[in-house]
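Peer 1: Sharing a structure below in structure tokens format, with a few things to ask.
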Amino acid sequence: VTENRLDLEDLHLYATPREQRFRRFASLEYEGQLYMTPYDFIQAVTSDEPKHAKKWRSLSKQELNQILMETPPVWKGSSKLFRNLNEKGVISYTEYLFLLCILTKPHAGFRIAFNMFDTDGNEMVDKKEFLVLQEIFRKKNEKREKRGDEKKRAMLRLQLYGYHTSTNSVLKTEGEDLVPRSYWDTLRRSTSQALFSDLAERADDISSSLSDTTLLVHFFGKKGKAELNFEDFYRFMDNLQTEVLEIEFLSYSNGMNTISEEDFAHILLRYTNVENTSSYLENMRCSIPEEKGITFEEFRSFFQFLNNLEDFTIAMQMYNFASRSIGQDEFKRAVYVATGVKLSAHLVNTVFKIFDVDRDDQLSYKEFIGIMKDRLNRGFRGYKPIQRYTTFKSCVRKELYSR
């Protein structure tokens with residue numbers, strides 16, 4: 001048993017960063033496959049490390065069935081679904097990747113996502129169509145696997161997918177250079193091939209060999225015969241984005257209706273590659289002498305905008321190509337034109353005070369876009385603790401004492 005345990009821990013060396021994070025936060029194991037609870041997933045996208053050292057708890061068939069029996073149907077979904085389920089749920093590695101995709105996509109992309117699953121074009125998604133993503137994400141991982149101990153890599157695949165996989169090609173590509181960089185791109189490019197490959201046929205084999213999960217029961221019912229329409233699919237995705245944002249917001253608000261501008265800066269800088277975060281925080285403290293606070297609606301609207309960052313980047317690049325920086329009015333207008341999201345004047349001013357390090361009241365492409373692209377990769381870059389200050393007045397006091 002000890003030797004087996006050491007072998008399983010050693011698999012971390014063969015895992016990608018996403019696989020490592022999933023294994024680190026997952027707390028359940030059933031028939032050799034690892035699962036997250038809804039609580040584990042929330043922790044994985046809002047925390048740097050699990051609150052407690054994780055030991056994979058083995059589920060019995062009876063325990064799994066009980067969990068699935070208590071899973072609510074999709075029409076009972078809400079922005080508190082994951083918090084209400086807490087430890088009473090199972091999320092597979094493939095579903096973890098799918099949920100991560102949702103968190104960084106604009107609402108306009110929800111229809112595209114639905115259509116990608118709806119391979120027969122009947123405006124409904126069934127369980128078999130949804131399971132196609134199992135093969136797509138698995139195939140992407142196989143293409144990224146490095147040479148090494150085949151036995152260990154097979155054990156890792158068993159842990160993540162619940163079955164042994166062959167290395168035979170499932171999706172035909174013209175070359176390694178054409179492999180998409182993100183799981184969203186993989187999904188977008190690969191599902192269109194489902195009707196012309198053996199992916200859909202393999203979904204039957206996958207379905208028979210894998211256990212049901214909370215997400216599958218939530219979407220397709222306890223018998224797996226229900227179908228998912230776009231309205232329910234959209235509501236689920238919107239609720240998940242809202243729930244994660246609420247959790248982050250509430251972790252800083254301490255029961256208040258607002259978070260401080262400094263806390264907002266902490267959240268934005270949390271998962272970035274910024275080397276000297278203190279300069280951003282110091283700049284903001286001195287530029288905003290009085291706290292007004294950021295409401296949840298402002299907070300949510302900013303992250304909705306951030307999920308549309310690719311479209312906004314085009315507008316920013318136009319200024320960049322013209323060797324022009326962008327002021328607050330131009331920024332606010334560009335956000336609305338490119339994404340349809342209206343940001344409040346106070347929120348825009350706060351963003352400028354955080355990222356306008358040279359204090360010229362202009363925001364350059366380098367100062368903002370590059371950092372925010374890092375932020376969209378939440379959970380997969382090292383978290384650097386940021387020194388927290390008690391109040392904004394610390395900046396004023398510092399100035400007074402220095403004189």
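The values are calculated or read from the model by the stated rules, or taken from the named source; none is laboratory data. As the structure is a prediction and not an experimental result, all values here were calculated from the model. Areas reflect the complete protein model, heavy atoms only, side chains present, ligands, DNA and RNA absent. Shrake-Rupley method; radii C 1.70, N 1.55, O 1.52, S 1.80 Å.
Peer 1: Keeping all protein chains in place, calculate the accessible area per residue for the stretch 256-377 (probe 1.4 angstrom), answer in Å². Don't skip to the end; give the middle numbers.
Peer 2: Working: 5530 Å² over 122 residues.
That works out to 45 Å² per residue.
Peer 1: Kirkwood hydrodynamic radius, computed over distinct alpha-carbon pairs, for the stretch 1-138: how many Å, to one decimal? Before the final figure, lay out each step's value.
Peer 2: Values: mean 1/r = 0.0597 Å⁻¹.
Mean inverse Cα-Cα distance, inverted, gives 16.7 Å.
Peer 1: Do you know the relative contact order of the stretch 1-133, to the nearest whole percent, from alpha carbon pairs under 8 angstrom that are 6+ apart?
Peer 2: Working: 111 pairs, mean separation 29.6, N = 133.
Value for the stretch 1-133: 22 percent.
Peer 1: Relative contact order of the stretch 256-377: what whole-number percent is it, with Cα pairs under 8 angstrom and at least 6 residues apart?
Peer 2: 36
Peer 1: If you build the convex hull over the alpha carbons only and average its shadow over all orientations, what do you get for the stretch 256-377? Give it in nm² to one decimal.
Peer 2: Dividing the Cα hull surface by four gives the mean projection, 7.0 nm².
Peer 1: Could you tell me the distance between the Cα centroids of the stretch 101-123 and the stretch 326-341, to the nearest Å?
Peer 2: When both Cα centres are located, 26 Å separates them.
Peer 1: Keeping all protein chains in the complex and leaving out DNA, RNA and ligands, what accessible area do you get for Met256 with a 1.4 Å probe, in Å² to the nearest 10?
Peer 2: 130
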